[in-house]
Amino acid sequence: MADLVKGLQSGQAWAYERLVRDYGDRIYRFVRRMVGNRHAEDVTQEVFIRVHRSVGSYEPSGSFDSWLFTIANNMCIDNMRRHRNDRRELPLVEAASANGRPPDPSAAPVDREMHEALMRAVDELPEDQKQVFLMREEAGIPFKEIARIVRCPLNTALGRMHYAMLHLRESLKAYKE
Amino acid sequence: MDCERFKEAKVLAAHDEGRTPELDAHLASCASCRAEVEEMAEIRRRYAEAPAEAMSEPLRARLLALPRRRAPRYAWAALAAAAVLLAILVAPLFRRERPAPPPEAPKTESNIDLTFSFDSVDDVRASLPEDSDELAATRESEVAESEVDREFRELGESIQSLESYW
């Protein structure tokens with residue numbers, strides 16, 4: 001990781017390519033779940049522009065992943081504030097196929113339906129719960145870091161995750177019975 | 001049962017971020033909380049197993065092209081900054097070359113009028129004292145001048161005589 005950061009800071013082309021290769025899809029998925037399909041590409045691009053511009057001043061006080069997803073999170077929040085009134089859009093299922101990644105053909109129909117229901121439920125989570133859920137499950141950031149990023153006490157972050165899980169559990173209930 | 005008290009601890013346990021003996025003791029006696037932790041772990045597993053959405057190839061190409069697109073902008077910005085800096089450094093040099101106009105003497109009634117008016121060179125001579133050093137120097141230069149004139153005249157005459165000879 002340190003060599004990636006050093007490479008980025010010294011403007012090495014290989015480092016930037018590695019950043020896109022290793023983090024591009026994760027950032028895109030995080031952004032897309034946060035802001036929705038319509039703005040996902042623009043916001044993802046803005047995130048990479050910001051990362052490219054700010055990496056010179058990056059100081060490794062936390063993990064690089066936390067720094068990266070903090071930027072992604074902030075840009076998503078900005079975008080959501082700008083488009084708060086026009087955020088109703090494609091359901092995730094449609095968006096997924098529109099995105100060019102076909103559904104897994106090897107998955108059993110029930111499993112596929114459960115995946116789709118789960119993604120839809122994530123999309124419907126309240127903003128603060130979704131933020132914590134995605135940072136933990138998509139970005140793999142520990143709760144202590146998440147609490148620091150979203151500027152709340154650790155127990156608040158854990159409480160949001162707890163409620164998010166309850167909501168998602170409800171959405172899967174129908175498929176388990 | 002004080003299940004609510006373990007709300008946060010259950011989340012941590014389901015994410016393998018810590019498990020206290022207190023929680024373990026509670027889970028051993030509470031089937032509902034045990035199920036809850038298991039369900040959270042299952043949701044996590046299902047989310048991780050869901051087909052991962054990848055960004056589109058045009059977006060990937062745009063992201064990879066970002067440094068190349070931004071480099072010229074940086075170059076222009078650096079060039080503009082250098083030009084401004086150069087202008088700031090060089091400007092005082094130009095200002096120094098232009099001499100400042102002499103300060104205008106304030107006109108007061110006590111100022112003496114130093115303007116002179118002469119009609120001819122003779123007036124100038126007449127205005128000078130007869131035996132001053134300056135006048136002597138002027139006369140010497142007049143003599144020196146006339147000697148040069150004479151030499152030129154003699155040279156001209158010799159050229160004329162040569163021309164008539166040929």
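The values are calculated or read from the model by the stated rules, or taken from the named source; none is laboratory data. Just so it is clear, the model here is predicted, and its values are computed rather than measured. FYI the Cβ positions are ideal-geometry reconstructions off the backbone, even for glycines, and counts take in every protein chain you see. Ligands, DNA and RNA are excluded from the accessible area calculation, which covers all protein heavy atoms including side chains. Shrake-Rupley method; radii C 1.70, N 1.55, O 1.52, S 1.80 Å.
Out of all the residues in segment A:87-107, is one or more open to solvent by 10 Å² or more (accessible area, probe 1.4 Å), at pLDDT 85 or above and in a helix (DSSP H, G or I)?
There is no residue in segment A:87-107 that is open to solvent by 10 Å² or more (accessible area, probe 1.4 Å), at pLDDT 85 or above and in a helix (DSSP H, G or I).
In segment B:36-69, what count of residues is obtained for those that are of a type in the set (S, T, N, Q) and more than 8 Å from every other protein chain (Cβ to nearest Cβ)?
0
Give the residue that is nearest to A:Arg84 (Cα to Cα), with candidates limited to residues of segment A:1-58 that are among the aromatic types (Phe, Trp, Tyr) and open to solvent by less than 30 Å² (accessible area, probe 1.4 Å).
So in segment A:1-58, the residues among the aromatic types (Phe, Trp, Tyr) come out as A:14, A:16, A:23, A:28, A:30, A:48, A:58.
Pick out the ones that are also open to solvent by less than 30 Å² (accessible area, probe 1.4 Å) and you get A:16, A:23, A:28, A:30, A:48, A:58.
Values: A:Tyr16: 32, A:Tyr23: 27, A:Tyr28: 20, A:Phe30: 18, A:Phe48: 23, A:Tyr58: 30 Å.
Only one residue fits best here, namely A:Phe30.
Within the set of pairs 6+ apart or on separate chains, which have a first residue in segment B:7-26 that is among the polar types (S, T, N, Q), a second that is at pLDDT below 95 and open to solvent by 30 Å² or more (accessible area, probe 1.4 Å), and C-beta atoms under 8 Å apart?
So the pair list comes out empty.
For segment B:33-54, how many residues are open to solvent by 30 Å² or more (accessible area, probe 1.4 Å) and either under 14 Å from A:Arg169 (Cα atoms) or under 60 Å from the mean Cα position of the chain (by Cα) (or both)?
Of all residues in segment B:33-54, those open to solvent by 30 Å² or more (accessible area, probe 1.4 Å) come to B:34-35, B:38-39, B:41-42, B:44-46, B:48-49, B:51-52.
Then keep just the ones that are either under 14 Å from A:Arg169 (Cα atoms) or under 60 Å from the mean Cα position of the chain (by Cα) (or both); that gives B:35, B:38-39, B:41-42, B:44-46, B:48-49, B:51-52.
Final tally of qualifying residues: 12.
Looking only at segment A:107-157, which residues are away from every other protein chain (no Cβ under 12 Å), within 18 Å of A:Trp67 (Cβ to Cβ) and touching a residue at least 40 places away in the same chain (Cβ under 8 Å)?
A:Gln131, A:Ala139, A:Arg148, A:Ile149, A:Val150
Restricting attention to segment B:2-29, which residues are closer than 20 Å to B:Arg44 by Cα, at pLDDT below 90 and within 11 Å of chain A (Cβ to nearest Cβ)?
Scanning segment B:2-29 gives a single hit, B:Gly18.
Filter segment A:59-70 for residues that are away from every other protein chain (no Cβ under 14 Å) and assigned to a helix (DSSP H, G or I); which is surrounded by the most Cβ atoms within 10 Å (Cβ to Cβ)? Explain how you work it out, then say what you get.
Of all residues in segment A:59-70, those away from every other protein chain (no Cβ under 14 Å) come to A:59-67, A:69-70.
Retained after the next criterion (residues that are assigned to a helix (DSSP H, G or I)): A:64-67, A:69-70.
Details: A:Phe64: 17, A:Asp65: 17, A:Ser66: 21, A:Trp67: 20, A:Phe69: 27, A:Thr70: 19.
Looking at the filtered set, the residue picked out is A:Phe69.
In segment A:152-165, how many are open to solvent by 50 Å² or more (accessible area, probe 1.4 Å), assigned to a helix (DSSP H, G or I) and not charged (D, E, K, R)? Break it down stepwise before answering.
Filtering segment A:152-165 for residues open to solvent by 50 Å² or more (accessible area, probe 1.4 Å) gives A:153-156, A:160, A:163.
Right, trim to assigned to a helix (DSSP H, G or I) and you get A:154-156, A:160, A:163.
From the residues that got through so far, the ones that are not charged (D, E, K, R) too are A:154-156, A:163.
Number of matching residues: 4.
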